[in-house]
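Engineer: If you scroll down you'll find the structure; I have some questions about it.
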Amino acid sequence: MSKGQRARAPRGPLVLSSVSAAQAHALSTRQSGHTLGFVPTMGALHDGHLALLREARQRADTVVVSIFVNPLQFDSDADLDAYPETLEQDVEHCRRAGVDVVFAPARAQIYPAGFQTQVCAGTLARPFEGRSRPGHFDGMLTVVLKLFQIVQPHFAVFGEKDYQQLLLVRRMVQDFHLPIEIVPMPVIRETDGLALSSRNQRLTKTARKAGLALSGALIATQDRVAAGETSVKRLLDEAKAALARTKGLDLDYCAIVDPRSLERVFSVRGPARMLLAGQVGGKDKVRLIDNGPLFPPVPL
Ligand code: AMP
């Protein structure tokens, strides 16, 4: 077993922990003419991630999943420390999903001493998550670019759950001429509507109930639009009133935007998407985000 390779479970994925081993794997996969599909994650895998893995499995000869909790994209140490880490379970999920390689590097592999170059996100990063989490998107794009350089995929699958992130990754791929297709996947939800998230593990029963107000407001708005309402003012007044009535929810934003530019729109006669975020929970605050297309849905 070469340096940087960890034990391989019977017919399970190869687990690589070093950048050099992952790059060597990418080189040999590409040399043998295989299509390489990539799903970057921060682990604590759930059904939302698994949908991405399935999509990659269908499209690629070789599927690589990365598991790396990226310190550069956290603006709070408490949030970083509280982020769940469940590598063994994650590898088992990957085995069942037919993943070929799990790349799970230590922090020092990705950010060795002396590291100092970062990607600087553009204007798309300013509103919404960017406003609430300063530096988040620079850190996210930096690690995604690094992972692309290491894994060298033909395509990478990203969830619409992190909609602004998806747009920013697409933008970076265009701006840096990266020969990588970005494949979007719709938001996967619990049966009651709550968008799946690794952070849901930290929700108390009361916090979860408060969090459900976000998907509730989104679904109610989608229904109002399907019933013919086109005024963004009326839609937002109604959604925000319902959210304000929710005990234990500290709303960050609730907006209706153009799905490509994230600029606010005034009517939903054209393409529109609703974006929401808020904090729930008492002492252990959890930040939740949600979003979805309003009528008419547009391909990204
Ligand atoms: P994370 O581990 O939270 O960084 O997420 C890794 C990838 O999974 C990102 O592309 C997310 O957008 C995607 N993802 C997370 N939750 C969901 C979900 N509920 N539905 C679809 N994709 C998701």
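Engineer: Filter the stretch 181-202 down to residues that are away from the ligand (no atom under 11 Å from the Cβ) and either among the acidic types (Asp, Glu) or buried (at least 20 other Cβ atoms within 10 Å of the Cβ) (or both), then give me how many there are. Talk me through it step by step, then tell me what you get.
Structural biologist: Residues of the stretch 181-202 away from the ligand (no atom under 11 Å from the Cβ): 181, 191-193, 201-202.
Filter once more, keeping what is either among the acidic types (Asp, Glu) or buried (at least 20 other Cβ atoms within 10 Å of the Cβ) (or both): 181, 192.
Selection size over the stretch 181-202: 2.
Engineer: Pick from Gly130, Gly48, Gly139: which is under 20 Å from Asn291 (Cβ atoms), within 14 Å of the ligand (Cβ to nearest atom) and crowded, with 19+ Cβ neighbours inside 10 Å?
Structural biologist: Details: Gly130 fails: within 14 Å of the ligand (Cβ to nearest atom); Gly139 fails: under 20 Å from Asn291 (Cβ atoms).
When all the criteria are applied, what remains is Gly48.
Engineer: Additional query: Filtering the stretch 104-127 down to residues that are touching a residue at least 24 places away in the same chain (Cβ under 8 Å) and hydrophobic (A, V, I, L, M, F, W, C), which residue is surrounded by the most Cβ atoms within 10 Å (Cβ to Cβ)?
Structural biologist: Ala125
Engineer: Go over the candidates Asp100, Asp175, Asp138 one by one and state the one that is among the charged types (D, E, K, R) and within 26 Å of Leu251 (Cβ to Cβ).
Structural biologist: Details: Asp100 fails: within 26 Å of Leu251 (Cβ to Cβ); Asp175 fails: within 26 Å of Leu251 (Cβ to Cβ).
Step by step, each of Asp100, Asp175, Asp138 is checked, and only Asp138 is among the charged types (D, E, K, R) and within 26 Å of Leu251 (Cβ to Cβ).
Engineer: Which one of Leu178, Leu124 is more than 15 Å from the ligand (Cβ to nearest atom), among the hydrophobic types (A, V, I, L, M, F, W, C), over 15 Å from the mean Cα position of the chain (by Cα) and under 17 Å from Leu262 (Cβ atoms)?
Structural biologist: Working: Leu178 fails: under 17 Å from Leu262 (Cβ atoms).
Going through Leu178, Leu124 in turn, the sole match is Leu124.
Engineer: Kindly list, by first and then second residue, each pair from a residue in the stretch 39-65 that is farther than 18 Å from Thr86 by Cβ and in contact (Cβ under 8 Å) with a residue 24 or more places away in the chain to a residue that is more than 7 Å from the ligand (Cβ to nearest atom) and of a type in the set (Lys, Arg), limited to pairs with Cβ atoms under 7 Å and residues at least 6 apart or on different chains.
Structural biologist: Within 7 Å, the pairs are Val63/Arg57.
Engineer: Please count how many residues of the stretch 193-214 are among the polar types (S, T, N, Q) and more than 21 Å from Leu45 (Cα to Cα).
Structural biologist: Number of matching residues: 1.
Each value in this text was obtained by applying a stated rule to the coordinates, not by laboratory testing. Just so we're clear, the structure is a prediction, and the values are computed from it rather than from any experiment. We place every Cβ from the backbone using ideal geometry, glycine too, and count neighbours over all the protein chains shown.
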